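Reviewing the structure listed below.
Just so it is clear, none of the values below were taken in a lab; they were calculated from the coordinates. Since this is a predicted model, take the numbers as computed values, not measurements. Note: ideal-geometry Cβ built from the backbone for every residue, glycine included; neighbour counts use all protein chains shown.
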Amino acid sequence: MPILNELSEPTDWVDPDGVPRPVVTYGFVTTDFDGIELDLHRHAKGQIILVQRGALSCEVEGGLWIVPPRSAIWIPGGALHTVKATGALEGYNAFVDPDVGQGLPEICCALSVTPLLRELLMRVANLPLFYEEGGANSRLVAVLLDEFAAAQVEDLHLPMPTDARLRRVVDLMMASPAERRPLDVWAKRAGMSERTLARLISRETGMSFGRWRQQLGVMLAVKWLAGGASIQQVAAGLGYESVPSFVTMFRKALGTSPGRYMAERHSGRL
């Protein structure tokens, strides 16, 4: 991922695990990141990715998270994860040493970003990579960690199954979200009974088939809208016969219309 900091060129990468500081923060800006995916990897330090423009999808050991503008994702240290971008991307990465991150969540989650949290992250990202510890720098980092620990968790998470048969079905559904076929059709594709498929989905995701598919639609909608797609394009891409029916689903899930949701997100851009 392109890195911007005081001590490196934009295309350089300095392994944050090798930097002896409690928090290592990078800014990233790119206009051509769509479709590029970082394969499974892990860091010893926990990772916070804040998105300012564009969107990220992150799969982390049993779950898929979408990170639109003005949101962040927390990935605990040691967790295997992949990252894929949608659209031009702008934001910040903060890597947190486990010794100072006790107040942060123990599991992966999406976080809502306040203006104060965003400003603090900008300030820390402008410090030299090997910033001097103690005094003002350490106090700034401490306040940043406090704000992250207090951030509100967002419901932009989709449980992902581990059963190989079910994962094949899920991959087909994610590749063709406009195919709004009933459960029995997907069961036949997977070579199992409808009852078995329903039981597997409930056991592995904690959701019914219908609830899981709706949450998948919400996640993809947020991702596509953040990447620049129109509401009409998103509704068609998810297989809705009309835009109003898609808008109704979106409003029920997130409490606001797609247009207002994205307007509020972009109003907070730097």
- [ ] Could you check which residue among Pro76, Pro161, Pro115 shows the biggest mean-square fluctuation in a GNM of the chain with a 10 Å Cα cutoff?
- [x] Pro115
Open item on the list: For a bin width of 5 Å, list the pair-distance distribution of the chain built from all Cα-Cα distances, rounded to whole %.
Closed with: 1, 6, 12, 16, 17, 16, 12, 9, 6, 3, 1, 1, 0
- [ ] Provide the FRET efficiency to the nearest 0.05 for the Asp17-Thr114 pair, computing r from the beta carbons and using R0 = 35 Å.
- [x] 0.80
Task: Alpha carbon centroid spacing (whole Å) that separates the range 72-103 from the range 112-177 - done: 5
Task: Gain on full stretching of the segment that runs from Arg180 to Arg203 - 0.36 nm per residue minus C-alpha separation - done: 6.1 nm
Task: Principal axes of the range 16-154: Cα extent on each, largest first, Å - done: 42, 29, 29
Open item on the list: Below 8 Å, C-alpha to C-alpha, sequence gap of six or more: please give me the relative contact order for the chain in percent.
Closed with: 19
Task: Qualifying chymotrypsin sites (Phe, Trp or Tyr not before Pro) in the range 88-160, DSSP loop, other Cβ atoms within 10 Å at most 13 - done: Phe130
Task: Square roots of five times the Cα gyration tensor eigenvalues for the range 47-110, Å - done: 20, 13, 9
- [ ] May I ask you to work out the translational diffusion coefficient for the range 121-226 at 37 °C, viscosity 0.692 mPa s, via Stokes-Einstein with Rh from the Kirkwood sum over Cα pairs, reported in whole µm²/s?
- [x] 192
Task: Arg189/Glu37 FRET efficiency (R0 22 Å; Cβ-Cβ; nearest 0.05) - done: 0.30
- [ ] Identify, among Ala236, Gln214, Ser193, the residue whose Cα sits farthest towards the positive end of the charge dipole of the range 161-266, taking +1 on the Cβ of Lys and Arg and -1 on the Cβ of Asp and Glu, with the dipole about the Cα centre.
- [x] Ser193
Task: Test item: Cα-centred dipole of the range 136-270, Lys/Arg +1 and Asp/Glu -1 on Cβ, debye - done: 360
TODO: Taking the Cα centre of the chain as origin, sum charge times position over the Cβ atoms of Lys and Arg (+1) and Asp and Glu (-1), and report the length of that vector in debye to the nearest 20.
DONE: 1420
Open item on the list: Which residue fluctuates most in the GNM of the chain (Cα springs below 10 Å): Ser230, Ser57, Ser242?
Closed with: Ser242
- [ ] Could you tell me which of rounded, prolate or oblate describes the range 165-270, using a ≥ b ≥ c as the square roots of the eigenvalues of the alpha-carbon gyration tensor, with rounded for a/c under 1.5 and, failing that, prolate when a/b is larger than b/c and oblate otherwise?
- [x] prolate
Task: Point-charge dipole on Cβ atoms (K/R +1, D/E -1) for the range 16-154, about Cα centre, debye to 20 - done: 260
